[in-house]
Structures are given as C-alpha cells and as structure tokens.
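S.K.: Here you go, one structure.
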Amino acid sequence: MKLKGLLTLKDLSTKSIMDIISYSLDIKNGLSVSYSNKRFATLFFENSTRTHYSFIMALKKLGIDVIDCNVGVSSVQKGESLYDTIKTFESIGVDGVVVRHTKDEYFKELEGINIPVFNGGDGKSNHPTQSLLDLMTIYEEYGKFEGLKCCIIGDISHSRVAHTNIEVMERLGMEVYISGPEEFNDGSAKYLDLDTAIEEMDVIMLLRVQFERHTESMSMTKEEYHSRYGLTMDKVEKMKENAIILHPAPFNREVEIASSVVECSKSRIFKQMTNGVYVRMASISMVLDGKL
Ligand code: NCD
C-alpha cells in the first residue's frame, strides 16, 4: 500500500497545492478545525527550530496530542532503523508522524507503514511544508503565481528548499532563476547575475549558507560572501517597488543577509514563519480527512 501523508510536492497536482493554500488561508482567517481524538509523534533526526516547533504548534492548534520523540535518547542510538522506529509509534497507537531526516527520500524505505508520514525535510531533496508556506506568503502578496519572477540566491546545491521550490513554482507558472556563487550553481534553474535579479524579480528568496552540509570549505570568507552576494539595504533599494524578500531561516546575519534587511519593509521572513503553522494545520487536516 502506498505510504500516506505529505512526502514530496512532486506527488501533488497543482490543484491540490492550490487547495492546501486556500484551506491554509481559511484557517488563518478563523476557520476552526479540530481532531481532539488523535495523537501524533514528531521525530527530528536533524536540528530544527521553525519546522519542528511549527509542526508541534500546528498539531496543538488542531487539538492533537503530541509525543515529541527525543531521538537522541531513543533506541535509534542502539541502531534501530527508521522503519522500526516509526512502526513502533504506529504499534503504540500514534495516528501520524512528522519526520525530518538527513537521508534523501528516506520515505522510500517506509513501505509497510500504515499511518501518515509528514516530511519535515529529507537531505537535500524535499521540504514540502516549507515550500507551501513560501507559496502561501507569495499568494497573499500577489493573489497569483502565473508570470511572477523569483530568484533563489545562495547555497542552491545543498538546499532542499531550493529544489522543492524550483519544481513547484515552475509548475505554477512562475519564472524561476538561481543566483549567487557559481560554486553552488547545480544547474537546477537558469542562472541570473545578481544585479539583474535584484532589479527584475518579484520575489527574492535568500538561502542560508549551509556550512554543516559542505564537504569542502567555501572558496570565500563569510565577509567576502557578504560583500559580493549578501542582500544589503543598498541592494534592497534597487528592488521593484512591490517586490518581497523571503528566507526559510535560520539566517546568517551579515553573511547572506544584512541585519538591517531582516525586518525591513520588503521582508516577509517572519510572516513566512506565521504562515508555516497554517499550511501545516491544513496539510495534516486534509490528509486526515482523506483529501490529499
Ligand atoms: C531550512 C531547512 O532546514 O531545510 N530551514 C527550515 O526548515 N526553515 C533551511 C536551512 O536550514 O537553511
């Protein structure tokens, strides 16, 4: 039987994606949804603040009881497999799990799990709820996707956020480009020089330099990165009047983003975090109702 849940956006039609966004907006606007007889477990095998606690907040707002599994003191440390760990939660009566794992497409090893799995990020491949919250934030701004231009700037090659967004944004009719250091250009979208990107885009999406994923050290210092590719206020002033800045966070202040830009009028970074709770509530609700 096919694994249930939300694993990758590649499995979802553009209609389903629009349905999630519209349901997220309904919930944000006050629609109440409740599943007080359900229990979920969260399993984070990689560090996380936003995704982890936003999922917990979403579950709590849905009235769902949460077991926040501390994988560091679980039998994972005794060598238990991901499948066996999740099967254990299924066996003790959990109705769904949220999983973040370092392994790309870890969910391909989970055939035989009968409860839904919500992907909080796998390796460099997928981060479906991050992309949904990015899309919701763009949609709130522009009311459409068709024809909008977005450039994702920075550590593209190590970023599941970039890889997820490029695929889905193109399907939704957006023009997607990448920019930043050539050493991070993995060819996943057309490369644009930074000045053109700053001046012509509707959405500038910055990425954290993901030092923990690098196998070789970056060819430049953080200071050099900031002066060549960092988004500073003088660059923000060259952006289109209505253009917005997104960043999945955590951000490295004074590396890819100047501190003064984090909360400037074009930044939607904290709004993205707020919207994250709603897209997670909507996705969980739709899966539990059999609508996804
Ligand atoms: C991102 C992630 O973990 O993929 N953060 C997030 O979920 N908000 C990006 C990152 O860590 O840089």
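The values are calculated or read from the model by the stated rules, or taken from the named source; none is laboratory data. This one's a predicted model, so the numbers in the text were calculated from it and none came from an experiment. Here the Cβ positions follow ideal geometry from the backbone for every residue, glycine too, while neighbour counts run over all protein chains shown. Quick note on the areas: whole protein, heavy atoms, side chains included, nothing else; ligands and nucleic acids left out. Shrake-Rupley method; radii C 1.70, N 1.55, O 1.52, S 1.80 Å.
S.K.: Does D68 satisfy the criteria of being touching a Lys or Arg at 6+ places or on another chain (Cβ under 7 Å), surrounded by 13 or more Cβ atoms within 10 Å (Cβ to Cβ) and of a type in the set (D, E, K, R)?
M.R.: Details: touching a Lys or Arg at 6+ places or on another chain (Cβ under 7 Å): no; surrounded by 13 or more Cβ atoms within 10 Å (Cβ to Cβ): yes; of a type in the set (D, E, K, R): yes.
Considered against the rule, which asks whether it is touching a Lys or Arg at 6+ places or on another chain (Cβ under 7 Å), surrounded by 13 or more Cβ atoms within 10 Å (Cβ to Cβ) and of a type in the set (D, E, K, R), D68 comes out as no.
One line per residue, one yes/no per condition, for (1) modelled with pLDDT of 95 or more; (2) among the small types (G, A, S); (3) open to solvent by less than 30 Å² (accessible area, probe 1.4 Å):
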position	(1), (2), (3)
K4	yes, no, no
L9	yes, no, yes
Y23	yes, no, no
N29	yes, no, no
N47	no, no, no
H52	yes, no, yes
M57	yes, no, no
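S.K.: Next question. Touching a helix residue (DSSP H, G or I) at 6+ places or on another chain (Cβ under 6 Å) and either away from the ligand (no atom under 16 Å from the Cβ) or open to solvent by 80 Å² or more (accessible area, probe 1.4 Å) (or both), is that true of V97? Give the steps one after another, and end with the answer.
M.R.: Working: touching a helix residue (DSSP H, G or I) at 6+ places or on another chain (Cβ under 6 Å): yes; either away from the ligand (no atom under 16 Å from the Cβ) or open to solvent by 80 Å² or more (accessible area, probe 1.4 Å) (or both): yes.
In short, yes.
S.K.: Which condition from (1) under 22 Å from the mean Cα position of the chain (by Cα); (2) over 18 Å from T137 (Cβ atoms) is the one that K238 breaks?
M.R.: Condition not satisfied by K238: (1).
S.K.: Output the residues belonging to the range 254-292 that are of a type in the set (S, T, Y) and either within 14 Å of Y23 (Cβ to Cβ) or touching a Cys at 6+ places or on another chain (Cβ under 6 Å) (or both).
M.R.: The answer is Y278, S283, S285.
S.K.: Out of everything in the range 131-160 that is in contact with a strand residue (DSSP E or B) (Cβ under 6 Å, 6 or more places away or on another chain) and free of Cβ contacts under 8 Å to residues at least 60 places away in the same chain, what residue ends up being farthest from M220 (Cα to Cα)?
M.R.: That would be K149.
Yes or no, residue by residue, for (1) closer than 29 Å to V277 by Cβ; (2) under 13 Å from the mean Cα position of the chain (by Cα):
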position	(1), (2)
T129	yes, yes
S157	no, no
S179	no, no
F184	no, no
L194	no, no
M205	yes, yes
F211	yes, no
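S.K.: Considering the range 241-292 alone, what residues qualify as being open to solvent by 10 Å² or more (accessible area, probe 1.4 Å), among the charged types (D, E, K, R) and touching a residue at least 24 places away in the same chain (Cβ under 8 Å)?
M.R.: Across the range 241-292, the qualifying residues are E254, K266, R268, K271, K291.
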